[in-house]
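The values are calculated or read from the model by the stated rules, or taken from the named source; none is laboratory data. This is a predicted model, so every value here is computed, not measured. Using ideal geometry, Cβ is built from the backbone for each residue, glycine included, and neighbour counts are taken over all protein chains shown. Ligands, DNA and RNA are stripped out before the accessible areas are found, and what is left, the full protein with its side chains, is counted by its heavy atoms. Shrake-Rupley method; radii C 1.70, N 1.55, O 1.52, S 1.80 Å.
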Protein chains: 2
Amino acid sequence: MPQITSSYHHGDLHAALVGAGLALARKGGVDAVGVRDVTRQAGVSPAAAYRHFEDHRALVLAVALAAQDHLAEAIVARIATETADAPGDRDAAVARLRGVGLGYIDFALAEPGWFELALLTFDPGGEAPSVMVAEQIPAPFLLLLQALDACLDAGILTAAQREHAEWPCWSAVHGFADIATRGPLRGQDPAVLAALGADVVERIIAGVRADR
Amino acid sequence: MPQITSSYHHGDLHAALVGAGLALARKGGVDAVGVRDVTRQAGVSPAAAYRHFEDHRALVLAVALAAQDHLAEAIVARIATETADAPGDRDAAVARLRGVGLGYIDFALAEPGWFELALLTFDPGGEAPSVMVAEQIPAPFLLLLQALDACLDAGILTAAQREHAEWPCWSAVHGFADIATRGPLRGQDPAVLAALGADVVERIIAGVRADR
DNA sequence: ACGCTATGTTCACAGTGTTTACATCGACAA
DNA sequence: TTGTCGATGTAAACACTGTGAACATAGCGT
C-alpha cells in the first residue's frame, strides 16, 4: 500500500490529477479543467502534469474517460429500475431500451459538467476514426447496442428495423441531452425537462418500431 | 457609399470582423475565431475589436448569428427541393418537415465549422433563459415549428401528436448532426452519412406520427 | 478653422499551455 | 552501507491569449 509521503513525491499523482479534474469539471464543465487549475487543486506544480500526460488534451481526455464511466453507471442504474417490473421478455426488452435513453438523459441533467466531458470521449481528436474497434467502443454506446439486440431477439424489432437503429436512437437521446444542457432548454424546470426527455425517448422508440 | 479610406479608419469594421470570423470559423471551427486572429485577418490591431464588441464572447456570438443565417438558408433550400414534386397538401407537409431535417443535416455535413458556431446561438450564455420571446426564436427552429404546424393543418398530425413534437424532431436531427460532426461518425464517407441522416429523419417522422 | 467624437493604435498586464534545466526521492546494486 | 540512477516534482522562462488604459488620428458639425 502506498505510504502517504506528503512531500515531493506524490503517491499516485496520475489518479490524483484525474480526480481533481473530475471535481473541477463537475462545476465549470470542460473549460474548468486546465493544466494549472488541476495541478493547483492537486497541490503540485503545473509542469508536474507533464510527467503523467502528454498534453493538455491528454489530461482532459483521461478525465473524460472517467466521466464516461459515471455515465455508463447511470445508464445501468436506470436500466435496472426500468426493467424491475417488466414481466415478459418483450416488455423487458423495450424497458431496457427505454432505460438506456432515460439513463443517458438522467445523467446529462444531473451532471451537465461531466456529461460535457463524456462527449469528448467519442471524438478521438486524431486523424482517421475509420473503424471502431470493438475493444474501444464506449460503454454507454455498447449498452445501447446490446439493448437493441435484445429487442431483436425478443421479436420487438425485425431485422430490417434493427439495422442501423442505433443511430436514430442515439441521435434523439443525445440531441435532447445536448439541447437540455447547452441549448435553448437549458435552465428549465428539471421536472419539465424530465417529462420532455421521456417523451423524446418514447417517440424515438416508436419511430424505430414503425413499419419500414 | 463608404469610400475605401485604406488608412486608419476602416469602412465598416464591424462587418469586416464578422466576415473575417466567418472565414476563420469555416476551417477551424469556433476555436479559430479569436480576437487576435480575427483582427489580424482584418488587418487591424487587436484592441480595435473592442470598439465594436463588448467581449470576445460577443464577437463570437455575432459570427455565430451570421453562421445561423447560413444554416437557415440551407434549410429553406432543402425544403424547396423536397417539396418540389409533392402533389397533395399532405405529401407537401411531410416533404416540408423532411426538408427541415435534411437541410439541417446537409449544412452540418457541408460546413461543420459554421455549424459548430451556429449552435452557440441557441445558448444565450447569460443567466436566465426563461421564456423565449418570439422575436428571438432562431430562424432554423422557427422553420421547424412552421413545418410541424403545417403538418397539423394538413391532418398529418393530430393535436396530441403535434404537442411538443418540436423537441423529438430537433433532438434527433441535431443529435445526428452532432454525432456526424464531432462524434464517432466524424470523417465517415459523406454518402454513408447522408444515407444514415436520411434514415434518422424518416424514423423520427414516423415516431412523431405514431399513435399516442 | 476649431474642436468633438468615433475609431484605431500602442503598450502593458494577467493568465494560459508548454519546455528546459535543475532538485529530490526511492530503489536497486556493489 | 553506500553509491548511483531513473522516476518524479520544481522553478523559471517563452509564446500565446483576452483585455484595459492612454494616446493618436480622421472626419464631421458648428
Condition met for residue B:96 (of a type in the set (Lys, Arg) and within 16 Å of DNA strand C (Cβ to nearest atom)): no
Of all residues making up the stretch B:159-184, the number that are polar (S, T, N, Q) and in contact (Cβ under 8 Å) with a residue 40 or more places away in the chain: 2
Failed item in (1) away from chain A (no Cβ under 14 Å); (2) near DNA strand D (Cβ under 10 Å from one of its atoms); (3) open to solvent by less than 70 Å² (accessible area, probe 1.4 Å); (4) modelled with pLDDT of 95 or more, with residue B:5 passing the rest: (4)
Of residues in the stretch A:172-196 being surrounded by 18 or more Cβ atoms within 10 Å (Cβ to Cβ) and in contact with an Asp or Glu (Cβ under 8 Å, 6 or more places away or on another chain), the one farthest from residue B:122 (Cα to Cα): A:174
Enumeration of residues in the stretch B:8-37 that are on the phi > 0 side of the Ramachandran plot and within 12 Å of DNA strand C (Cβ to nearest atom): B:8
Residues being of a type in the set (A, V, I, L, M, F, W, C) and more than 13 Å from residue A:25 (Cα to Cα) - total across the stretch A:42-72: 9
Qualifying residues in the stretch B:138-164 (those that are assigned to a loop (DSSP other than H, G, I, E, B) and more than 21 Å from residue B:71 (Cα to Cα)) - the one nearest to the other protein chains (Cβ to nearest Cβ): B:164
The stretch B:42-70 residues that are loosely packed, with under 15 Cβ neighbours inside 10 Å and at pLDDT 95 or above, paired with ones that are of a type in the set (D, E, K, R) and outside any loop (DSSP other than H, G, I, E, B) (beta carbon under 8 Å, 6 or more apart): B:46/B:36; B:46/B:40
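Kindly provide the set of residues from the stretch A:186-210 that are in a loop (DSSP other than H, G, I, E, B) and either in contact with a strand residue (DSSP E or B) (Cβ under 8 Å, 6 or more places away or on another chain) or at the interface with another protein chain (Cβ under 8 Å from one of its Cβ atoms) (or both), ordered by number.
Initial filter on the stretch A:186-210 (in a loop (DSSP other than H, G, I, E, B)): A:186-189, A:210.
Those that are in a loop (DSSP other than H, G, I, E, B) and either in contact with a strand residue (DSSP E or B) (Cβ under 8 Å, 6 or more places away or on another chain) or at the interface with another protein chain (Cβ under 8 Å from one of its Cβ atoms) (or both): A:186, A:187, A:188, A:210.
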Residue check, residue B:33 within 9 Å of DNA strand D (Cβ to nearest atom), of a type in the set (Val, Ile, Thr) and touching a residue at least 40 places away in the same chain (Cβ under 8 Å): yes
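Inside the stretch B:174-185, can you point out the residues that are assigned to a helix (DSSP H, G or I) and at the interface with another protein chain (Cβ under 7 Å from one of its Cβ atoms)? Give the steps one after another, and end with the answer.
We begin by selecting, within the stretch B:174-185, every residue assigned to a helix (DSSP H, G or I); these are B:174-181.
Within the stretch B:174-185, B:174, B:175, B:176, B:178, B:179 meet the criteria.
Looking at A:212, A:182, which is the one that is basic (Lys, Arg) and under 24 Å from residue B:202 (Cβ atoms)? Quick ask: steps written out before the conclusion?
Details: A:182 fails: under 24 Å from residue B:202 (Cβ atoms).
Selected residue: A:212, the only one of A:212, A:182 that is basic (Lys, Arg) and under 24 Å from residue B:202 (Cβ atoms).
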Boolean, residue B:187 is modelled with pLDDT under 95 and either touching a Ser or Thr at 6+ places or on another chain (Cβ under 8 Å) or assigned by TED's automatic domain parsing to the domain that holds residue B:114 (or both): yes
Selection from the stretch A:68-118 of residues that are over 14 Å from residue A:141 (Cα atoms) and small (Gly, Ala, Ser): A:77, A:80, A:84, A:86, A:88, A:92, A:93, A:95, A:108, A:110, A:113
Subset of the stretch B:93-122 [more than 18 Å from residue B:23 (Cα to Cα) and open to solvent by 30 Å² or more (accessible area, probe 1.4 Å)]: B:96, B:98, B:106
